[in-house]
Amino acid sequence: MAEVNLKEIEQQTRAALTELLQSARLSRGDILVVGCSSSEVAGKKIGTASSREIAQAILSGISPELKKQGIYLAAQCCEHLNRVLIVDQSVVKEYGLEQVNVMPVPGAGGSFASAAYEELERPVAVESVAAHAGMDIGNTLIGMHLRPVAVPVRVAVDKIGMAQLVCARTRPKFVGGARAVYNDSLL
């Protein structure tokens, strides 16, 4: 395993997020789901080498810009918590979500979700969201938490640390037939 450079991980995350936000055209109050395996970022198998330091570096690359733009973070927990999400209480109210009772820890929930739980003003857990865009760092399978029509977004950063990065945005469904006319700004 290569030496982990936390500053580089933070910079890679920020650069990827910047590109994703430009492509996704999110609005204030939209949701970005992030799944993150700190183990994969460190070059290890998912779930085997959880790192609070790596998780915090990634969160530091994401949080300031999301706060600035008024975009909600949904931090996906690992499969030990059935991929529940950590969000701020305001997301629960705005989107009519149901809160569940669990607090993530590095061994059950993951380091990234644990770091988000500590950073959010009023953290709560929910079972699902329908996010407007997402970042999957290390093959954590965020697709279940995206809106129905997900579109891959290719960003210049294809890895964070040693972990594969896949980004997505969503768009409204196309409805109608051969005579339908679509709004290009929603593509």
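Scoring R171 on the criteria (1) surrounded by fewer than 12 Cβ atoms within 10 Å (Cβ to Cβ); (2) farther than 30 Å from S51 by Cα leaves a single failure, condition (1). Contact map, the range 173-185: residues that are within 24 Å of S27 (Cβ to Cβ) paired with residues that are not small (G, A, S), Cβ distance under 6 Å, separation 6+ or inter-chain. Pairs shown: K173/V149.
Return a yes/no flag: does the range 39-48 have any residue that is of a type outside the set (A, V, I, L, M, F, W, C) and under 26 Å from R147 (Cα atoms).
Start the filter on the range 39-48 by keeping residues that are of a type outside the set (A, V, I, L, M, F, W, C), which leaves 39-40, 43-45, 47-48.
Next, from what is left, pick out any that are under 26 Å from R147 (Cα atoms): 40.
Checked the range 39-48: at least one residue is of a type outside the set (A, V, I, L, M, F, W, C) and under 26 Å from R147 (Cα atoms).
Residue count for the range 101-145, restricted to those that are more than 22 Å from G161 (Cβ to Cβ) and more than 15 Å from the chain's Cα centre (by Cα): 8. What's the number of the condition L59 fails, among (1) touching a residue at least 40 places away in the same chain (Cβ under 8 Å); (2) over 12 Å from the mean Cα position of the chain (by Cα); (3) surrounded by 16 or more Cβ atoms within 10 Å (Cβ to Cβ)? All conditions are met except number (2).
From the list A156, A130, A125, which one is touching a Phe, Trp or Tyr at 6+ places or on another chain (Cβ under 9 Å), surrounded by fewer than 16 Cβ atoms within 10 Å (Cβ to Cβ) and touching a residue at least 40 places away in the same chain (Cβ under 8 Å)? Answer to the selection: A130. Within the range 173-185, not a single residue is at positive phi and not in a loop (DSSP other than H, G, I, E, B).
Residues in the range 17-47 that are more than 27 Å from A108 (Cα to Cα), assigned to a helix (DSSP H, G or I) and touching a residue at least 12 places away in the same chain (Cβ under 8 Å): T18, E19, L20, L21, S23, A24.
Among the residues of the range 79-109, those identified as out of contact with any helix residue (DSSP H, G or I) (no Cβ under 7 Å at 6 or more places or on another chain) and among the small types (G, A, S) are S90, G96, G107.
Read-outs throughout are calculated quantities, based only on the coordinates presented, and are distinct from any laboratory measurement. Model, not experiment: these values are computed from the prediction. No Cβ is skipped: glycine too gets one built from the backbone with ideal geometry, and neighbour counts run over all protein chains shown.
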